[in-house]
Amino acid sequence: MTIASSNGSNYSQSPLISDLAEAITPRPDRNTHNGKQADLFSPKEEQMEQMMEAVRTLILGVGEDPEREGLLKTPKRAAEAMRFLTSGYNQSLEELVNGAIFDEGHNEMVLVRDINFFSLCEHHMLPFMGRAHVAYIPNQKVVGLSKLARIVEMYSRRLQVQERLTRQIAEAIQTILEPQGVAVVMEATHMCMVMRGVQKPGSWTVTSAMVGVFQEEHKTREELFNLIRHQATFI
Ligand SMILES: Nc1nc2c(ncn2[C@@H]2O[C@H](COP(=O)(O)OP(=O)(O)OP(=O)(O)O)[C@@H](O)[C@H]2O)c(=O)[nH]1
Ligand SMILES: [Zn+2]
């Protein structure tokens with residue numbers, strides 16, 4: 001059995017080479033200069049301009065003045081922040097794993113507990129955050145431990161619902177390792193339930209996704225939940 005604990009999110013992200021840019025229809029007025037097609041903006045720059053414009057509209061919408069000194073750079077800052085918070089769209093599982101799969105002949109449970117994550121709920125685009133616990137029972141092959149945290153990071157940095165996020169992490173591990181089983185448990189607090197709406201600070205949502213032996217065997221699930229509950233005293 002292997003247990004690792006992680007505080008997650010301090011590694012750098014992949015460069016932002018945007019797939020999203022392609023999904024946004026180019027604005028002909030921006031691409032035409034003196035009747036000719038001019039490459040004045042790369043898709044990424046154009047997308048950034050559009051996001052900044054949207055933030056200016058929001059600032060106006062709340063009754064503020066986007067020309068006020070303190071708000072002048074806010075559209076740029078907010079657009080860059082949003083890009084970072086959704087940077088998981090620009091990563092792929094293959095790139096992220098980077099071949100770090102090892103044939104160790106290890107067949108006991110591996111658990112990385114307490115992986116911090118931050119995501120955005122797709123309904124309100126407000127943060128939800130908490131801890132992910134990721135376990136699998138190998139079928140000979142193991143993956144580099146940090147890659148489990150990176151998978152959590154990649155799917156978290158998107159517009160999400162917690163249930164889908166939990167399932168996508170489990171499916172990704174199933175895809176890369178074909179293990180005997182995968183379990184993902186996520187505990188999160190949603191700002192859309194805390195700062196607005198029903199306003200319930202202190203509420204935690206727990207979701208799980210169980211695959212293979214974790215789904216089939218009660219004993220294996222029980223072992224997992226004991227390990228998640230167990231407080232580490234050795235660090
Ligand atoms: N299942 C699920 N629901 C979520 C998640 N994040 C936010 N929600 C919920 O999405 C629902 C959206 O409900 P709506 O009635 O369309 O929106 P709303 O009027 O803003 O809802 P309230 O939050 O109740 O004020 C709310 O119940 C949120 O709590 C999530 O990760 N999973
Ligand atoms: Zn929400």
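The values are calculated or read from the model by the stated rules, or taken from the named source; none is laboratory data. None of the values given here were measured: they were computed from a predicted structure. Heavy atoms of the whole protein, side chains included, go into the accessibility calculation; ligands, DNA and RNA do not. Shrake-Rupley method; radii C 1.70, N 1.55, O 1.52, S 1.80 Å.
Ligands, DNA and RNA are left out, and with a 1.4 angstrom probe the accessible area of region 109-174 is 32 Å² per residue.
For region 63-172, give the percent of accessible area contributed by carbon and sulfur heavy atoms, probe 1.4 Å, rounded to a whole number. Here carbon and sulfur together make up 50 percent of the probe-accessible area. Taking amide H as placed 1.01 Å from N in the peptide plane, the amide H of residue 120 sits under 5 Å from that of 128, 158, 160, each at least 5 places away or on another chain. Counting only protein heavy atoms and using a 1.4 Å probe, the accessible area of residue 173 comes to about 0 Å².
If every alpha-carbon in region 95-228 counts as one equal scatterer, what log10 I(q)/I(0) does Debye give at q = 0.17, 0.21 1/Å? Cα-only, vacuum Debye calculation for region 95-228: -0.86, -1.19. Evaluating 6.51 cos²θ - 1.76 cosθ + 1.60 at θ = phi - 60° for every residue in region 109-123, the Karplus couplings come out as 4, 10, 10, 10, 9, 6, 7, 5, 9, 10, 9, 10, 6, 6, 7 Hz, glycine and proline recorded as x. Within a straight-line Cα-Cα reach of under 29 Å, residue 200 cannot be paired with any lysines, leaving aside sequence neighbours fewer than 8 residues apart in one chain.
Between the alpha-carbon centres of region 137-195 and region 71-91 there is a gap of 23 Å. Relative to its Kirkwood radius, the Cα radius of gyration of region 184-235 gives an Rg/Rh of 1.14.
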